[in-house]
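Contents: one structure, followed by commentary.
Bear in mind these aren't lab numbers, they're just calculated from the coordinates by the rules spelled out. Note that the structure is a prediction, hence the values are computed from the model and not measured. So basically every Cβ, Gly included, is an ideal-geometry build from the backbone, and we count neighbours across all protein chains shown.
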């Protein structure tokens, strides 16, 4: 029964995958029909010596690292707060997750609107605080990256909230009760009981988000397209530009494969973690 | 269930800590909802009325003109239909193959199953930019460029592995006894799947379908490379409203609202299974 699905999936993924490997050893031109020449390791040599690509990896680390820290810390805090709400817990949770359903490209466009120096609501608020009066938020190298990061944080913190809140409602009651009996205060219960018990849930959320963080690039593409002065040019944007603006497809393939390696490492961690059966199991964290 | 354990005696209803909790959740709700509310409101306002600063929250709607473009022939109605066809088609294909595949994966016992699972999930997680490059070449050779069929195929590259993986998680939850009883009663393997397992997994099937639909509907990266003027989907059409000559904000916000609304309705309808689906089955949720 698995066979039809596997055959289709192989056609959809394995063939393009091997094609990508072959592309990375070729020089490809599209003008007047596709023509390819085998160039050996040339693309790979360029890749490892390209300061722009290294710069993009650095920006990627800043971007991904920044949004992961913000989303995890904020998400866990909000999940804990919402879980303690009582009455309106479910309603609040439903409202909080709405941004997740907005297409990332639209999140970017909405961000463009809100930060627009003439029409933007957030630009107006910042202006009245005396900020960004003479500069465009998405147009200056110092504020563009934080701005697109905040757009991502707006859209995806709710996912962390949702996952962690589910983890909280599945917590066993006994450890908390015994901590209570032992006279632990709220902070101690959180630090020594709740957070350790939530560790597997939090790890799943972190891995899922880190894989998606380099998967999508829509927000940056429609807001800054990598600019100004490459300050938001994360590696998927660099790849897209190399492939479809400069039509240097062989080189783009090499960049793509290097991204794939990162994803495969993260995927291995995720699957290993899942199949070890840590999830939903109380862990000994003495 | 809340992580806070009720203490002995009545809880002080308005303790400072409690108040702080409400303020924190309230601020997060504002941060989350203001952009969405602003988006919807702006779709009813003329450019001139948006210019008025300070921004007015409660103004009577002064135009419905941005909403007319979705009705009547051509233009945005057409792009909306493209989105429905591409996302809907990809969802149906992924569900049909993914359900069969997921069942096979859940019930199958063979060596190297872990490797197979890993291949499936890594296909889902592969960075979009790295997938687009080889697909672009393959589509050019097959003449699938600028066609909704090509876009459907592209969406299956991430939705099919997703559907297989998640349906596998749902099928694994079902007790094997029922299917075995059905086989004793004379069903073959497919009969046991079709008559017993599938109806029991129906909620999971709906949830998987909705998530596939959301992923495909919200896509921008694939659509912007694989479609043309006539085959573009609605997120691409939205991004095209941003031009060098200026931006029709009202029109853009109306389009954004149209993109978001169906996804929110579907997403909230499957709230119970959201955590399961979005963590690739790793966490069960409520």
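For the range B:151-202 versus the range A:129-196, the inter-centroid distance based on Cα atoms is 36 Å. Counting only other chain Cβ atoms within 10 Å of each residue's Cβ, the peptide A:110-122 averages 5. Mean residue ellipticity at 222 nm, helices only, chain B: -21500 deg cm²/dmol; runs of at least 4 DSSP H residues each add -39,500 (n - 2.57), and the sum is divided by the number of residues. Using only Cα atoms, tell me the angle between helix A:144-169 and the longest principal axis of chain A; keep it within 0 to 90° and round to the nearest 10. Tilt of helix A:144-169: around 40 degrees.
For the residues of B:24-32, the average number of beta carbons from a partner chain within 10 Å of their own beta carbon is 6. Secondary-structure-derived ellipticity at 222 nm for chain A, considering helices only, amounts to -20500 deg cm²/dmol, per-run term -39500 (n - 2.57) for DSSP H runs with n ≥ 4. Let me know the shape class of chain A, please: from the alpha-carbon gyration tensor, a ≥ b ≥ c as square roots of the eigenvalues, rounded when a/c is under 1.5, otherwise prolate if a/b is greater than b/c, or oblate. Oblate, since a/c reaches 1.5 and b/c is not below a/b. Mark the label point 7 Å from the Cα of residue B:183 along Cα→Cβ and return the residues of the range B:93-116 whose backbone N is within less than 14 Å of it. Zone members listed by number: B:104-110. Counting 0.36 nm for each residue step from residue A:142 to residue A:46 and taking away their Cα separation leaves a gain of 31.7 nm. Listed from fewest to most Cβ neighbours within 10 Å, the set A:217, A:240 follows the order A:240, A:217. Full extension of the chain segment joining residue B:145 with residue B:190 gains 12.5 nm, where the gain is 0.36 nm per residue of separation less the Cα-Cα distance. Ordering A:264, A:234 from the fewest to the most neighbouring beta carbons within 10 Å gives A:264, A:234. Legend: mean number of C-beta atoms from other chains within 10 angstrom of residue C-beta atoms, peptide A:62-68, equals 0.
Once both labels are positioned 7 Å from their Cα atoms along Cα-to-Cβ, the gap between residue A:94 and residue A:268 label points is 4.4 nm. Take the alpha carbon gyration tensor of the range A:49-119, find the square roots of its eigenvalues, order them as a ≥ b ≥ c, and report rounded if a/c is under 1.5; if not, report prolate when a/b exceeds b/c, else oblate. Taking the square roots of the gyration eigenvalues as a ≥ b ≥ c, the range A:49-119 is oblate. Placing pseudo-labels 7 Å out from each Cα toward the beta carbon at residue B:61 and residue B:78 gives an inter-label distance of 2.7 nm. Note on residue A:35/residue B:229: beta-carbon distance plugged into 1/(1 + (r/R0)^6) with R0 of 25 Å gives a FRET efficiency of 0.40.
Here the extension length gained between residue A:191 and residue A:229 equals 9.4 nm, from 0.36 nm per residue of separation less the Cα-Cα distance. Using the Cβ-Cβ distance between residue A:173 and residue B:37 with R0 set to 41 Å, the FRET efficiency works out to roughly 0.60. Taking other C-beta atoms within 10 Å as the exposure proxy, A:36, A:223 rank A:36, A:223 from fewest upward. Extent along the principal axes, Cα only, for the range B:93-211: 51, 29, 23 Å, with the longest axis given first.
Taking only the alpha carbons of the protein assembly as shown, we obtain Rg and Dmax values of 24.7, 82 Å in that order. Classification of chain B by its C-alpha gyration tensor yields an oblate form. The axis ratio a/c (a ≥ b ≥ c) is 1.5 or more, and b/c is at least a/b.
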